[in-house]
Amino acid sequence: MKIRKQTFNKGEGIKSLVYGGLDGTITTFAVVAGATGGALDMRVIIILGFANLLGDGISMAVGDYVSSKSEKEYAEHHKQEIETEYNEDQSAQMLEEKGLSAIDAHHFAETLSHYDAETRDNLLINDDEEESNPIINAIITFISFVIFGLFPLLIFIFAYFNHDLIPISFITSNILTFTTLFILGAVKTVVTKGNWFKSGLEMLIVGGLAAMAAYGIGVVLGGV
């Protein structure tokens, strides 16, 4: 039986970083914006912000762990099927996904049926591919959620101790939030290889719409 190389999937790590950071930034700012729109006390805003950071951060990390683990288990099951029970149609489909034409893929799959499981494993499964680690992904998600999610809340913490900052606290939180969203969008291009400015702008627009919606809801409910 061939020993597979164990490596960390950098793409998955970046995904968890952006995923956690984006959700942390938007949800924390949504809480802050909603509370500000509802004219809640500064102390209440901070308490709600930290409750969101820890509660949602843990929830996000658990969700990332479960989804990554499920995906990994499915991939392992798929590999075992190839190793123990050869299926020509399934193998042909995999070969097509690797770039072969439909005709060549079926010819190759038929030829592989005459070889042993290890040979088929060598040719069909890319063992050099970096492997997902659910625990590391979950840790990255949690840390990213808390760190990036703290930015919209920072100015309110300072304003709690220095009341002169209260008048500019919400606008400062907006600036920090939108800057963070842009950075996260730009970081995403490390994996996607796209245009960093366009990606940052897209993230900024999507996150900004969610933030404005939260503020609007806070204003409406605050007036009830």
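Just so you know, all these numbers are worked out from the coordinates, no wet-lab data involved. Worth saying up front: this structure is predicted, and the values here are computed from it rather than measured. All Cβ positions, even for glycine, are placed from backbone atoms using ideal geometry, and neighbour counts span all protein chains on display.
Applying 0.36 nm per residue to the separation of VAL62 and GLU202 and subtracting their alpha-carbon distance, the gain on full extension is 47.7 nm.
Under the simplified labelling scheme, the THR179-LYS69 pair shows an inter-label distance of 3.8 nm, with each label point 7 Å from Cα along Cα→Cβ.
Go through 96-109, 208-221, 148-161 and give me the packing order, highest mean Cβ count within 10 Å leading. Working shown, then result.
Numbers: 96-109: 14.0, 208-221: 16.1, 148-161: 20.0.
Put in order of decreasing packing, that is 148-161, 208-221, 96-109.
Full extension of the chain between LEU165 and LEU221 gives 17.6 nm of extra length, using 0.36 nm per residue less the Cα-Cα distance.
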